[in-house]
């Protein structure tokens with residue numbers, strides 16, 4: 001059951017508009033409203049899962065990663081490179097409690113990241 005106040009669940013349900021980049025039966029990709037790179041997309045499962053810690057056997061994390069790579073290629077990020085990030089819980093920088101992958105590209109990434 002999806003929490004009523006989850007921002008990403010509301011996007012999945014069409015209650016909040018988003019710039020949708022790709023849709024699959026089990027996931028969607030949309031542009032981040034506060035981008036940290038010239039290209040910044042979020043890959044989220046349609047089913048609510050709080051964080052990577054909460055992902056169970058029914059969550060196909062590989063499919064989410066393949067979708068991240070697909071949209072990166074579609075954006076032309078594969079030639080120069082891109083970064084995929086999963087922030088988990090407070091110290092990991094997770095601000096929305098719905099599992100999501102950041103796909104960032106279009107500029108040189110620095111290391112360490114934060």
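The values are calculated or read from the model by the stated rules, or taken from the named source; none is laboratory data. Bear in mind the structure is a predicted one, so any value in this text is a computation, not a measurement. Every residue, glycine as well, gets a Cβ built from its backbone with ideal geometry; the counts of neighbours run over all protein chains shown.
Please indicate, with yes or no, whether at least one residue in the stretch 26-49 is closer than 13 Å to residue 71 by Cα and outside any strand (DSSP E or B). So that I can check it myself, show each step before the final result.
Within the stretch 26-49, the first condition is being closer than 13 Å to residue 71 by Cα, and the residues that meet it are 27-31, 39-44.
Remaining after also requiring outside any strand (DSSP E or B): none.
So far as the stretch 26-49 goes, no, none of its residues is closer than 13 Å to residue 71 by Cα and outside any strand (DSSP E or B).
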Qualifying positions in the stretch 5-19 - exposed (fewer than 12 other Cβ atoms within 10 Å of the Cβ) and closer than 24 Å to residue 74 by Cα: 14, 17, 19
Among the candidates 15, 75, 23, residue that is without any contact (Cβ under 8 Å) to a residue 12 or more places away in the chain and touching a strand residue (DSSP E or B) at 6+ places or on another chain (Cβ under 9 Å): 23
Out of 98, 102, sole residue that is in contact with a strand residue (DSSP E or B) (Cβ under 7 Å, 6 or more places away or on another chain) and not in a strand (DSSP E or B): 98
Evaluation of residue 67 against (1) more than 26 Å from residue 112 (Cα to Cα); (2) in contact (Cβ under 8 Å) with a residue 12 or more places away in the chain; (3) outside any loop (DSSP other than H, G, I, E, B) (one fails), failing number: (1)
Criterion violated by residue 64 - all others in (1) buried (at least 16 other Cβ atoms within 10 Å of the Cβ); (2) in contact with a helix residue (DSSP H, G or I) (Cβ under 9 Å, 6 or more places away or on another chain) satisfied: (2)
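Residues checked against (1) within 13 Å of the chain's Cα centre (by Cα); (2) surrounded by fewer than 13 Cβ atoms within 10 Å (Cβ to Cβ):
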site: 35; (1), (2): yes, no
site: 45; (1), (2): yes, no
site: 52; (1), (2): yes, no
site: 76; (1), (2): no, yes
site: 82; (1), (2): no, no
site: 85; (1), (2): yes, no
site: 91; (1), (2): no, yes
Given (1) surrounded by 13 or more Cβ atoms within 10 Å (Cβ to Cβ); (2) modelled with pLDDT under 95, index of the condition residue 56 fails: (1)
